[in-house]
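Step one of this worksheet: look at the structure below.
Every number in this text was worked out from the coordinates using simple rules, so none of it is lab data. All of these numbers come straight from a predicted model, not from anything done at the bench. Heads up, the Cβs are rebuilt from the backbone with ideal geometry, glycines too, and the neighbour counts pull from every protein chain shown.
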Amino acid sequence: MPADLGASVSAYWAREGLGRAILEALAAAGKNVDALTIDDLAPADQFHGGGKDATLRLARLAALEPGMRVLDVGGGVGGPARTLAAEFGCRVTAIDLTESFVSAAQMLTARLGLAGQVTHRVGNALALPFDGGTFDVVWTQNSGMNIAEKERLYAGFHRVLRPGGLLAIQEPMAGPRPPILYPVMWATDASTSFLRPPAEMRALIEAAGFRAKAWDDVTAETAGVRDASAIPAHSAQRLIMGDRLDEIIRVGHLNRDEGRLVSVQAVFDRL
């Protein structure tokens, strides 16, 4: 990722004090922040279309098993990583470009007593700081939209996976009726938004050394509510996007209704 683009993306997502804001919002919602569960946290830490239900769906689609070494790329504040550890018995390393997300993720993981199974670190998806063949699974949910160099991205995923390992993705993609309308959750305009159509995405992933096992359109399942006022104050969307959320939700549904945006969950074998 070019330095200027990386800086723009990081600045867009940065939210200082996010961990504290999550705890305060959960407390205001009536949660005991000294005895949080995965489900208590789910509205606040599953920052992707479909929330925890989508994470569970993808994990089942990939048939994850206890003991698997998982790399979560674009792990955000750690909701999926903690879910894979607590509910599927995986050992998860999560990496994210945004320092404030990683700080919040580390605090929440420690608070849930999962630091022995989940680690979080700051890093660039295009320069993964791991040896080849380190992981059984590369996992990514809604993290590639700000990345233009997708061929390089998937080549990196291939490198850090062991032969026969799995790639599990959930990704917004360009719909059959472009262009996409803005703002969307990940960008205010096209300068930091890089979507490709599903057929092109599948072809480039397979060209990087993968074979598709499952490819599901989950646009309807991950669309979320239409009325932004129904999104609670302790949700990740509200905490991270703030006052911008109402317009983002409105435009997001237009994009889906008009065929400008689709969402896919897919699982690949690493050849």
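Points to keep in mind about this one:
- Residue identified as on the phi > 0 side of the Ramachandran plot and more than 16 Å from the chain's Cα centre (by Cα) among 133, 156, 116: 133
- In region 115-138, of all residues being outside any loop (DSSP other than H, G, I, E, B) and out of contact with any helix residue (DSSP H, G or I) (no Cβ under 7 Å at 6 or more places or on another chain), the one that is surrounded by the fewest Cβ atoms within 10 Å (Cβ to Cβ) corresponds to 119.
- Total residues in region 181-203, condition over 20 Å from the mean Cα position of the chain (by Cα) and crowded, with 16+ Cβ neighbours inside 10 Å: 0
For every residue, the table says whether it meets (1) crowded, with 17+ Cβ neighbours inside 10 Å; (2) over 18 Å from the mean Cα position of the chain (by Cα); (3) touching a residue at least 24 places away in the same chain (Cβ under 8 Å).
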{"site": "37", "(1), (2), (3)": "no, yes, yes"}
{"site": "57", "(1), (2), (3)": "yes, no, yes"}
{"site": "68", "(1), (2), (3)": "yes, yes, yes"}
{"site": "77", "(1), (2), (3)": "yes, no, yes"}
{"site": "91", "(1), (2), (3)": "yes, no, yes"}
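- Applying the criterion of being among the β-branched types (Val, Ile, Thr) and within 15 Å of the chain's Cα centre (by Cα) to the residues of region 220-243, the residue that is nearest to residue 54 (Cα to Cα) is 222.
- The residue that is surrounded by the most Cβ atoms within 10 Å (Cβ to Cβ), among those in region 93-114 that are out of contact with any helix residue (DSSP H, G or I) (no Cβ under 9 Å at 6 or more places or on another chain) and over 17 Å from residue 71 (Cα atoms), is 110.
- Considering residues of region 139-183 that are assigned to a strand (DSSP E or B) and charged (D, E, K, R) only, the residue farthest from residue 199 (Cα to Cα): 162
- Per-region count, region 4-30, residues over 17 Å from residue 241 (Cα atoms) and either aliphatic (A, V, I, L, M) or without any contact (Cβ under 8 Å) to a residue 40 or more places away in the chain (or both): 7
- Yes/no for residue 168 being on the phi < 0 side of the Ramachandran plot, in contact (Cβ under 8 Å) with a residue 12 or more places away in the chain and not basic (Lys, Arg): yes
- With a requirement of 2 or more residues that are under 23 Å from residue 153 (Cα atoms) and not hydrophobic (A, V, I, L, M, F, W, C), the helices (runs of 4 or more DSSP H) lying completely within region 1-107 that satisfy it span 3-13, 79-88.
- Matching entry among 212, 203, 266 (being small (Gly, Ala, Ser), part of a helix (DSSP H, G or I) and out of contact with any Leu (no Cβ under 7 Å at 6 or more places or on another chain)): 203
- Some residue of region 236-258 being of a type in the set (Gly, Ala, Ser), in contact (Cβ under 8 Å) with a residue 60 or more places away in the chain and either surrounded by fewer than 19 Cβ atoms within 10 Å (Cβ to Cβ) or at positive phi (or both): no
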